[in-house]
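Reviewing the structure listed below.
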There are 2 protein chains.
Amino acid sequence: MNQKTSIPKGTRDFGPIPMMRRNYLFNTVRSVFQLYGYMPIETPAMETLDTLMGKYGEEGDKLIFKILNSGDFAGGIKSEFLEKLINEPENSSQLSKTMASQVSEKALRYDLTVPFARFVVQHREEITFPFKRYQIQPVWRADRPQKNRYREFYQCDVDVIGSDSLLNEAELIKIIDEVFTRLGLNILIKLNNRKVLAGLAEASGMGNNLTDFTVTLDKLDKIGMELVQKEWISKGFSAESIELLIPVIGNTGSNSDKINGLKDILKNSSVGQKGVEELETLLNIISKFETNCSVEIDLTLARGLNYYTGAIIEVKSQDVQMGSICGGGRYDDLTGIFGMPGVSGVGVSFGADRIYDVLEQTNGFATLTQTGTQVLFINFGPEDAAACQPLANQLRSAGISCELYPDGTKIKKQMQYADQNKIPVVVMIGETERNASQAAVKYMSSGEQVNIAFSELTNEIRKIF
Amino acid sequence: MNQKTSIPKGTRDFGPIPMMRRNYLFNTVRSVFQLYGYMPIETPAMETLDTLMGKYGEEGDKLIFKILNSGDFAGGIKSEFLEKLINEPENSSQLSKTMASQVSEKALRYDLTVPFARFVVQHREEITFPFKRYQIQPVWRADRPQKNRYREFYQCDVDVIGSDSLLNEAELIKIIDEVFTRLGLNILIKLNNRKVLAGLAEASGMGNNLTDFTVTLDKLDKIGMELVQKEWISKGFSAESIELLIPVIGNTGSNSDKINGLKDILKNSSVGQKGVEELETLLNIISKFETNCSVEIDLTLARGLNYYTGAIIEVKSQDVQMGSICGGGRYDDLTGIFGMPGVSGVGVSFGADRIYDVLEQTNGFATLTQTGTQVLFINFGPEDAAACQPLANQLRSAGISCELYPDGTKIKKQMQYADQNKIPVVVMIGETERNASQAAVKYMSSGEQVNIAFSELTNEIRKIF
């Protein structure tokens, strides 16, 4: 049996070094969340098909990984259906959808938002609102794998649900600022408001077509103002009303400049006015914080998610060219789909994999030199090894991680092991040392070697850690 | 849309309190693993069907959750097969197996051992052996859900691969001792050796039938010696040779008593002698450690896993009646199934869910009183709230987790929020306090309330954390 080893495409193994780095990233995010009073929850990897299907649009439904029912699932397929499949092979793609619901009733979660909404509704009696939770778990999507896009990846979500105060949005921006400051990354926080977008669509005479309006606007970065205008016109927006929007959308001035421009153009849209007021209040609260990063109004920001109803937030790296590394917004009715309407929430999601990539490219893991064992005891044979054990235990009691090489093999091989695993200190106790109750301590980076009494070993090594 | 909310049977949601407890448990295990030089890895939730199938026996194969291929999976089913399914509905259960391989090529991992073996073979060029790794991840099994048995649960595995030294077994026992000491649990470590079992089967004249021998022996606890003897005889073991084993297997004396008994009865079995020698050496190494828990030879211990070749280890709680809470052993050819023979390893797996249950029953989480926010700032309205923000930031800089209630609602509601979330300190800054640059600090457990100058707030609160 010489089986080829491989893993499903779009998935990854993480060895010790990436794991240490990922843990550093997750721990940073986690400690900031906790510092602001958010509490952890976890939901199962599998949800019922009912919970997930229809929540992410038709395209999303296709990307959900479905789990085959266990046992006699074939017995659950109707024979008329099987006949249809035999007679219409050209329709097999369409028939696969029908069949999926006959052979599967569970699926892997696609994001953390829908399971969170389900959690809130299911546990509404136990929860004290406002409920501040964070959740750090993997999600799965049957996307076509490509560079920086995986079929299994982690999301780090932080949400407050059950409060419509703008202090929540402000707090999330403070959290974003703190996370990226701790990670040593320069970022730009972009801010928009779905009500402002609705107001702009209204002002352009197409208030009932917000989706077309924002989908086109979203492309501004890529295709430029002229083509955006053309696309709007081709979709039926009037050229004259669009003309009015251009100076406001194209405004590259300060946030107050933008606010003033919006106030002017949105004076006849009540939803638009409400949006500007929210934006202004939020910027006002934030201005009193000490933040390290800049916050900038970006009217093209839509994030394509129809469930946002107020603030829309997105974070870009200032160091590395990359898509958004964090984003989110206000949603007024996420739990409505599960029969609990009128609960407003706001949250952001940190894209762990992209942040990891930015950290790698900016040398942001440079300080994480210590990945594993701090001290290796060389094994010179059973008797010498036995003498090492109590010393190793002393070091561990002092919080120093150490190991005794398990085999009494060639010293060269053992030193190579220390070298390859980047173990900074090697302790050697052979017969001579053992008889003198001394250990030879070698510091790998300098090559320096000193003899230390057993009783002083912990103190000696503690000096460098 | 008033959709019923539920999760798949055998899975669980974890709210803030169980999450804090689970994190405490995982962090304890993780820090001990790291202290002994083990490094973390993670593998994908999904493995290819090829990697998993056939590794856990026929029963195991049935319990593996298979993932439906995405897209046009129905087009991949052969029409002859569909016809068979129509014509032989009585065989649908059997046909489901064949069909699974036509509509699925990935599955959820069933344990951490097989993915680890796959990882080692796939990354053999990057790994320095001996490779000491730990892995803490969920696994999925389509078992019938029942009390304390879930379809999604965490395993915490720690293994050394690429060394056959008994120092590894000894180290794992030290790790077990340290983990449970830190968790405050009393345990008994049971020890056996597969070679000893092979020797005993040989001594009973049935060396070629080790499986029947151990499967029956494994039942000793439940059915007693007499029925074990009967079962052996019914399976073809000779009554006379079994008679010789009884005093050794039933020996309730000290470990040395048991060793001496074994040496005697196994004197004609070379594999048996090797096993006793390993047991004796291991006990000898351990005896020089300072361990808190007892280590006891248990000759009935087989753990049903055929891949064990040397030491077999199992841990039982001394406080609570429950199955094993940790277990493992030596395996000499785990990577052989993936084409890399002759690599010996040894490892143990901590059963997180069972350990959690033991901790709950022994009040082992009692010290974890602080689950979330330490300080709540009451919100008396926008201006007062604004005055709280810089103070909240000061506290956070000092590592104290705090939050400002987001809405300026009734004070009673805000105090209830503090109460229900077990927030120990509440800070109130109304107009009077704000004008005097003072905060009213209320300690929730005593009800005591003091007025503190803004500049002294951090120092005051730091006193109790």
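The values are calculated or read from the model by the stated rules, or taken from the named source; none is laboratory data. Note that this is a predicted model, so its numbers are computed, not measured. Here Cβ is always computed from backbone atoms with ideal geometry, including for glycine, and neighbour counts include all displayed protein chains. SASA here: full protein model, heavy atoms, side chains in, ligands and nucleic acids out. Shrake-Rupley method; radii C 1.70, N 1.55, O 1.52, S 1.80 Å.
The table below lists the values:
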| item | result |
| --- | --- |
| Calculated over the protein assembly as shown: convex hull of Cα atoms, volume per residue (Å³) | 202 Å³ |
| Euclidean distance between Cα centres, the range B:356-413 to the range A:179-214, Å | 31 Å |
| For B:Gly54, label point 7 Å along C-beta direction: distances to other copies, nm | 4.3 |
| For B:164-170, mean number of other protein chain Cβ atoms within 10 Å | 5 |
| Sparse-neighbourhood loop sites, GluC sites (Glu not before Pro) in the range A:104-198 - DSSP loop, at most 15 other Cβ within 10 angstrom | A:Glu125, A:Glu126 |
| Options B:Pro390, A:Ala142, A:Phe14, ranked by Cα towards positive dipole end of the protein assembly as shown, top entry (Cβ charges) | B:Pro390 |
| Distance from the range A:152-172 to the range A:122-137 (C-alpha centre basis), Å | 12 Å |
| Chain B: Cα Rg divided by the 2.2 N^0.38 Å rule of thumb | 1.28 |
| Computed over the range A:281-389, Cα set: Rg, Dmax in Å | 23.9, 73 |
| DSSP bridge orientation in the range B:375-462 - percent antiparallel, rounded to nearest 5 | 60 percent |
| Point-charge dipole on Cβ atoms (K/R +1, D/E -1) for the range A:4-94, about Cα centre, debye to 20 | 740 debye |
| In Å², nearest 10: area of A:Met39 left accessible to a 1.4 Å probe | 20 Å² |
| Lys, Arg +1 and Asp, Glu -1 on Cβ, resulting dipole of the protein assembly as shown about Cα centre, debye, nearest 20 | 140 debye |
| Average beta carbon contacts from partner chains per residue of A:29-37, 10 Å cutoff | 5 |
| A/B buried area, accessible surface, summed, 1.4 Å probe, Å² | 8800 Å² |
| With 5 Å bins from 0: P(r) over the range B:175-255, alpha-carbon pairs, percent | 3, 13, 23, 21, 13, 9, 8, 6, 4, 1 |
| Shielding by partners, peptide B:104-111 (average Cβ within 10 angstrom, other chains) | 2 |
| Within straight-line cross-link reach of A:Lys412, aspartates and glutamates at Cα separation under 16 Å, skipping those fewer than 8 residues along the same chain | none |
| Neighbourhood net charge (13 Å Cβ-Cβ; Lys/Arg +1, Asp/Glu -1) for A:Thr432 | -3 |
| DSSP-assigned coil residues among trypsin sites (Lys or Arg not before Pro) in the range A:36-136, each with at most 14 further Cβ atoms within 10 Å | A:Lys78 |
| For the range A:222-351, alpha-carbon Rg relative to the globular expectation (2.2 N^0.38 Å, N residues) | 1.18 |
| Among B:Ile86, B:Thr51, B:Thr128 the positive-end extreme of the charge dipole of the range B:22-137 (Cβ point charges) | B:Thr128 |
| Rounded to 5, percent antiparallel among DSSP beta bridges of the protein assembly as shown | 80 percent |
| 7 Å along Cα→Cβ, label-point gaps from B:Thr281 to other copies, nm, shortest first | 7.4 |
| Using a 7 Å Cα-to-Cβ projection, A:Gln146 label spacings across copies, nm, ascending | 5.0 |
| Among A:Asn168, B:Leu200, B:Thr335 the positive-end extreme of the charge dipole of the protein assembly as shown (Cβ point charges) | A:Asn168 |
| Those trypsin sites (Lys or Arg not before Pro) in the range A:214-293 that DSSP places in a loop and that have at most 16 other beta carbons within 10 Å | A:Lys219, A:Lys235, A:Lys267, A:Lys288 |
| Values of log10 I(q)/I(0), in the order q = 0.16 Å⁻¹, for the range B:51-115 under a Debye, Cα-only, solvent-free model | -0.61 |
| Kirkwood hydrodynamic radius over Cα pairs of the range A:82-182, then Stokes diffusion coefficient at 4 °C and 1.567 mPa s, in µm²/s | 74 µm²/s |
| Lysine pair count for the range B:211-313 [Cα-Cα under 30 Å; pairs on different chains or 8 or more apart] | 27 |
| Antiparallel bridges, percent of DSSP beta bridges restricted to chain A (to nearest 5) | 80 percent |
| Residue-count net charge about B:Thr300 - beta-carbon cut-off 14 Å; Lys, Arg +1, Asp, Glu -1 | +1 |
| The range B:375-462 - charge dipole about Cα centre, Lys and Arg +1 at Cβ, Asp and Glu -1, debye rounded to 20 | 240 debye |
| Semi-axis lengths, Å, the range A:375-462, gyration tensor of Cα atoms, sqrt of 5 times eigenvalues | 17, 16, 13 |
